[in-house]
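Below is one structure, written out as structure tokens; the observations come after it.
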Amino acid sequence: MTTIEAPEKVTTNHPKTKRLSPLLYVVPAAILILALTYTLPPFRNYQLATVGAYLCVTAGLTILTGLNGQLSLGHGALMATGAYTLALMQNRFNVLALGILAAVLVTTVAGGVIGLAAARLRGPYLAGLTLAVAVVVPSIASTFDETFNSDQGLTVALEPPPDAVTVEQWQAWVCWAGALVTVLVLAYLARGRFGRDMKAVRDDETAAKLAGIGVARTQVLAFVVSAACAGLAGALFAVLAQSVSPGAFPLTLSLFLVMAVVIGGLGRLSGALIGAVLLVALPEIAHSIAEDAGSQRLEGNLALTFFGVVLVAVMLAAPGGLASLRWKRNKQKGRT
């Protein structure tokens, strides 16, 4: 009598990939940021705060473009909307939490209006619409001088921090609190049903429709979420500068944001962090070079040149952005 042996269990060297809770990244990051604010000098704390403010908008933009496939060249204008809302609220009520909440809500509504139009457009038409927004919003601030004080802008009334805390430390805490909350919310959204819907719409709208996904609804919601992040970033920049003016949100800012998230890695929040660091580091390098050369006019052109050169180099070496290098390295380790 013959017996049939069960086939041997095939073992592989691929480790099981478990998706860790975003809290396991956010909580240590919060502890690290808090520790850094007590060791860094004031200017470095200011730069750290600026990275946190940029992370809010780059995280929202990388979700919009990377996961949903919508290209926006107008996020600088959405940041301006949030910044002016905060300034108006602070000068009237001087309650920072209320001002930030109002900035997020107003920008969310603006994002919904733009998103409704963006859901009907594709490719260069969508880019053209958002580019027009980037041009119009600063012009509105310059035109209605009674409300927005024209090109001189508005000052932001803020209560001084406690005596034991420097202004730069307090700014870093506020900006990174907003950044970490933003990253946490976006991480949970990206790994949930909404994230799957965005990816499906990005990959194939027809297949997404056949699967029962509301394409237009998903695109509008993605734009709304991204706009809310931009509004928060704008409010935080108003806190950092303690003033708001049209010149603080030029068209080049929107271009820098797009290049930063592409260099960092679209669709990855780690790529958004890399992009936020680059948005602070590259202009600082350009400023140092222009200062040594004694030409302020050279500074803006150098920053744009640096971003262009880095973008070309990264796209040649890592088309998925700098964040994809770590993913590829982990994948190669799993095969060994």
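The values are calculated or read from the model by the stated rules, or taken from the named source; none is laboratory data. Since the model is a prediction, treat every value here as computed from it, not as a measurement. So basically every Cβ, Gly included, is an ideal-geometry build from the backbone, and we count neighbours across all protein chains shown.
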Q.
For the list (1) surrounded by fewer than 14 Cβ atoms within 10 Å (Cβ to Cβ); (2) under 21 Å from Gly178 (Cβ atoms); (3) modelled with pLDDT of 95 or more, I need the number of the one condition that Leu101 fails.
A. (1)
Q: Could you run through segment 203-252 and say how many residues are touching an Asp or Glu at 6+ places or on another chain (Cβ under 9 Å) and β-branched (Val, Ile, Thr)?
A: 3
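Among the listed residues Leu232, Leu251, which satisfies the condition of being surrounded by fewer than 24 Cβ atoms within 10 Å (Cβ to Cβ) and of a type in the set (A, V, I, L, M)?
Result: Leu251 is the single residue among Leu232, Leu251 that is surrounded by fewer than 24 Cβ atoms within 10 Å (Cβ to Cβ) and of a type in the set (A, V, I, L, M).
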Q) Of the conditions (1) within 17 Å of His75 (Cβ to Cβ); (2) among the polar types (S, T, N, Q); (3) more than 18 Å from the chain's Cα centre (by Cα), Thr182 fails just one. Which one is it? A) (3)
Q) In segment 112-127, how many residues are assigned to a loop (DSSP other than H, G, I, E, B) and either aromatic (Phe, Trp, Tyr) or closer than 19 Å to Cys229 by Cβ (or both)? A) 1
Q: Tell me which residues, restricted to segment 230-247, are within 17 Å of the chain's Cα centre (by Cα) and of a type in the set (Gly, Ala, Ser).
A: Ala230, Gly231, Ala233, Gly234, Ala235, Ala238
**Q.** Options Ala238, Ala207, Ala230; residue that is in contact with a His (Cβ under 7 Å, 6 or more places away or on another chain) and of a type outside the set (Val, Ile, Thr)
**A.** Ala230
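Take the conditions crowded, with 23+ Cβ neighbours inside 10 Å and either under 20 Å from Leu269 (Cβ atoms) or touching a residue at least 40 places away in the same chain (Cβ under 8 Å) (or both) and apply them to Thr85. Does it pass?
So Thr85 fits the description; yes.
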Q: Could you tell me whether Gly271 is under 15 Å from the mean Cα position of the chain (by Cα), at pLDDT below 90 and either among the small types (Gly, Ala, Ser) or under 24 Å from Leu316 (Cβ atoms) (or both)?
A: no
Q) All but one of (1) farther than 29 Å from Gln90 by Cβ; (2) in contact (Cβ under 8 Å) with a residue 24 or more places away in the chain; (3) not hydroxyl-bearing (Ser, Thr, Tyr) hold for Ile285; which doesn't? A) (2)
Q: Considering only segment 247-270, state which residues are farther than 17 Å from Gly66 by Cβ and in a loop (DSSP other than H, G, I, E, B).
A: Phe249, Pro250
Q) Where in segment 128-246 are there helices (runs of 4 or more DSSP H), lying fully within it, with 3 or more residues that are in contact (Cβ under 8 Å) with a residue 24 or more places away in the chain and more than 14 Å from Ala53 (Cβ to Cβ)? A) 167-191, 193-203, 215-241
**Q.** Odd one out for Ala200 among (1) within 30 Å of Gln152 (Cα to Cα); (2) out of contact with any Asp or Glu (no Cβ under 9 Å at 6 or more places or on another chain)
**A.** (1)
